[in-house]
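What follows is calculated from the coordinates using simple rules that are stated; it is not laboratory data. Nothing here was measured: the structure is a model prediction, and the numbers come from that model. Cβ coordinates were reconstructed from backbone atoms using ideal geometry, including for glycine residues, and neighbour counts include every protein chain displayed.
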Amino acid sequence: MKLGLIGLLQSGKSTLLSALSGKAVPPIGSVSIEQAVVSVPDERIEWLSKLYNPKKKAYATIECLDIPGFSFAEESSRAAARKLINQIRTVDMLVLVIRAFESSTVPAYNGKVDPQRDLLELKTEILLSDLELVANRVEKLEKEIKKPSKRQGQDKAELELMLKFQAALEEEKPMSTVVQSEEELELIRSFGFLTLKPMMAVINIGEKQIGQEIKLDTDMQTISLSAEIECELSQLDADSRVEFMKDLGITESAALKFVESCYSTLGLISFLTSGPDECRAWTIKKGTNAVDAAGKIHSDIKRGFIRAETISYADIKALGDEKAVKAAGKARLEGKNYIVQDGDIINFRFNV
């Protein structure tokens, strides 16, 4: 899973990435795209590791790209922002970081902290970026279909689809609202259109705003967190972190809530493998069957799939160990078409 963190100048994206990854915040004015691999916190792996004492434990990971802050105030900065936007077409999901915190030392974008304005501006520029790409493609296809070729039929079908997308974008509707089939998505997948991607908004608040409900007029999933506080928490040891959170009235790490929200937005779950060699979380799409989940581990396991020996994490935690789960009749043998559930602990039997 690859996320693109985008936002206007001084929104706090880099601080958020630092909080998630421990990576140092780049200097103000940096124009390079920062990248970090973030381990997904998972108390299930912690618990299973205490049970099995494995040689290795491995968490699911998220690859995060921090795109330099955008400014659309002037034509030169707008052009630079458009180039940056085009560099994130390979990500799986966009996270829009929206500033809501006040600061006497960090200047506000366009002189005022206005979360709703900033969200609208970001969404508009994302939409315009797709519109430009679609318009260029339409112009090219209109020329191509006039020339006899083996691709003429395919080009005509693509042109029809692109014109539909162009009409939607010109009405300020994302492309995701007019896609009608997987076949359509497959036809345009290589373009990396941004308004087809899942999006989530992170409202970056200040310490005094913790516990307050900040609403934005949007249908996308939204969470509030203080990137600065989360960054400070990430640098503390476990005991100090608990004490600091208690002082601030925080009951749950916002970094964990962020990851859970990303998984939810993308429709992802984790299944687990466990034993004395390794305890590991594997990320899959919700609705994935057992044989495809096996392929996540190795193609040979998928090819030679026999069955999936399955127990749920909830059962093993409640009953204490694998032996007790089997004695209670809660261990299951599942076939290829079994839909894997979040928290399933699976041992795949296979033969190649």
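I want to check the label-to-label distance for Ser240 and Lys150. Put each point 7 Å from Cα in the C-beta direction and report it in nm to one decimal.
6.5 nm
Run the numbers on segment 123-204 and let me know its relative contact order in percent, using alpha-carbon pairs under 8 Å that are six or more apart.
Relative contact order of segment 123-204: 35 percent.
Taking every DSSP beta bridge that has both residues in the chain, what percent is antiparallel when rounded to the nearest 5?
50 percent
P(r) for segment 18-141, please, calculated from all Cα pair distances in 10 Å bins and given in %.
Calculated P(r), rounded to whole percents: 10, 30, 30, 16, 11, 3, 0.
Among 5-11, 101-107, what's the highest-first ranking by average C-beta atoms within 10 angstrom per residue?
Values: 5-11: 24.7, 101-107: 11.4.
Packing proxy ranking, top to bottom: 5-11, 101-107.
On a straight-distance basis, which lysines could pair with Lys323 in a cross-link, Cα separation under 25 angstrom, same-chain partners fewer than 8 positions away excluded?
List returned: Lys50, Lys55, Lys56, Lys57, Lys336.
With viscosity set to 0.692 mPa s at 37 °C, what whole-number translational diffusion coefficient in µm²/s follows for segment 210-272 from Stokes-Einstein and a Kirkwood radius over Cα pairs? Intermediate values should be presented prior to the final figure.
Values: Rh = 13.4 Å.
D = 244 µm²/s.
Measuring from the lowest to the highest alpha carbon on each principal axis, how far does segment 289-328 reach, largest first, in angstroms?
33, 15, 14
Remind me, relative contact order of segment 13-94 in percent, using alpha carbon pairs under 8 angstrom and six or more residues apart?
Reported relative contact order: 28 percent.
Place the peptides 80-93, 12-25, 205-218 in order of packing, highest mean first, counting for every residue the other Cβ atoms within 10 Å and averaging per peptide.
Working: 80-93: 16.2, 12-25: 22.2, 205-218: 13.0.
My ranking of the peptides, most packed first, is 12-25, 80-93, 205-218.
What order do you get for 333-345, 149-161 when each peptide is scored by the mean count of other beta carbon atoms within 10 Å, highest first?
Values: 333-345: 16.2, 149-161: 13.6.
Sorting 333-345, 149-161 by mean packing, highest first, produces 333-345, 149-161.
Work out the P(r) tail for segment 96-192: percent of alpha carbon pairs separated by more than 20 Å, whole number. Could you put the intermediate results ahead of the total?
Numbers: 2370 of 4656 pairs.
Summing the P(r) of segment 96-192 above 20 Å gives 51 percent of all pairs.
For Lys208 and Glu102, calculate 0.36 nm times their separation in residues minus their Cα-Cα distance, and state this gained length in nm to one decimal. Display every interim value, and only then the final one.
Working: separation 106, 0.36 × 106 = 38.16 nm, distance 0.97 nm.
Between Lys208 and Glu102, full extension yields an extra 37.2 nm.
So how strong a dipole does segment 44-173 carry about its Cα centre when Lys and Arg Cβ are +1 and Asp and Glu Cβ are -1, to the nearest 20 debye?
It comes to approximately 860 debye.
Compute for segment 153-303: radius of gyration divided by Kirkwood radius, i.e. Rg/Rh, restricted to C-alpha atoms, rounded to two decimals.
1.09
For the chain, with only Lys/Arg (+1) and Asp/Glu (-1) charged at the beta-carbon, what is the dipole magnitude about the Cα centre, in debye rounded to 20?
It comes to approximately 1360 debye.
If you bin every alpha carbon distance in segment 253-309 into 5 Å steps from zero, what whole percent lands in each bin?
It works out to 4, 16, 22, 23, 16, 11, 6, 2, 0, in whole percents.
Using θ = phi - 60° and the Karplus form 6.51 cos²θ - 1.76 cosθ + 1.60, what ³J(HN,Hα) does each residue of segment 330-341 get, whole Hz, x for Gly and Pro?
Ordered by residue, 3J(HN,Hα) equals 9, 7, 10, 9, 10, x, 4, 8, 4, 8, 5, 9 Hz.
Given q = 0.11 Å⁻¹, what are the Debye log10 I(q)/I(0) values for segment 227-352, with equal point scatterers placed on the Cα positions and solvent ignored?
-0.53
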